[in-house]
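Presented below is the structure to which this report refers.
The values are calculated or read from the model by the stated rules, or taken from the named source; none is laboratory data. Worth saying up front: this structure is predicted, and the values here are computed from it rather than measured. Using ideal geometry, Cβ is built from the backbone for each residue, glycine included, and neighbour counts are taken over all protein chains shown.
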Amino acid sequence: MKEYTRIDTLIDKVIKISSQSGNYYMLGMGYKFLGKYQIESANDKMGSVVSFKAALENMIKAGNDYEIAAVNQNLGYSYFLTGNNEQAVYYYKVAIEQSKKLELPQIEQYSLKNLSELEEKRKIFLLHWAI
């Protein structure tokens, strides 16, 4: 069990095994967990953007609409953290549209909350975006 001592080692194993087996859902989840780890523990905001893009690509291949919407919300948050507000707004709006269409109120709530924080930071109100 010594080889499984760090969370990033475990995530790398999930990504490797999922890639080898062609399991797009678990590959997407592996990249999603990696993106969250990069934000919360590794302070690698740009790395999280790359990981969440890989997660999105694989969730699209897997056809998991819930995770597609969730990863779009995560991508928006990563872009917000990197200061790329235009991309953050884009991904938040995509997540909001998807979550409304699929009736996923939790993702819609998080995306709206994060979008409002971004707009507060930029001193622009949500009404400007006509959401």
Residue 42 at pLDDT below 95 and not polar (S, T, N, Q): yes
Only one of (1) modelled with pLDDT of 95 or more; (2) in contact with an Asp or Glu (Cβ under 6 Å, 6 or more places away or on another chain) fails for residue 94. Which number is that? (2)
Which ones in the stretch 61-88 are of a type in the set (Val, Ile, Thr), surrounded by fewer than 19 Cβ atoms within 10 Å (Cβ to Cβ) and within 13 Å of the chain's Cα centre (by Cα)? none
Return the total of residues in the stretch 82-92 being more than 16 Å from residue 107 (Cα to Cα) and in a helix (DSSP H, G or I). 4
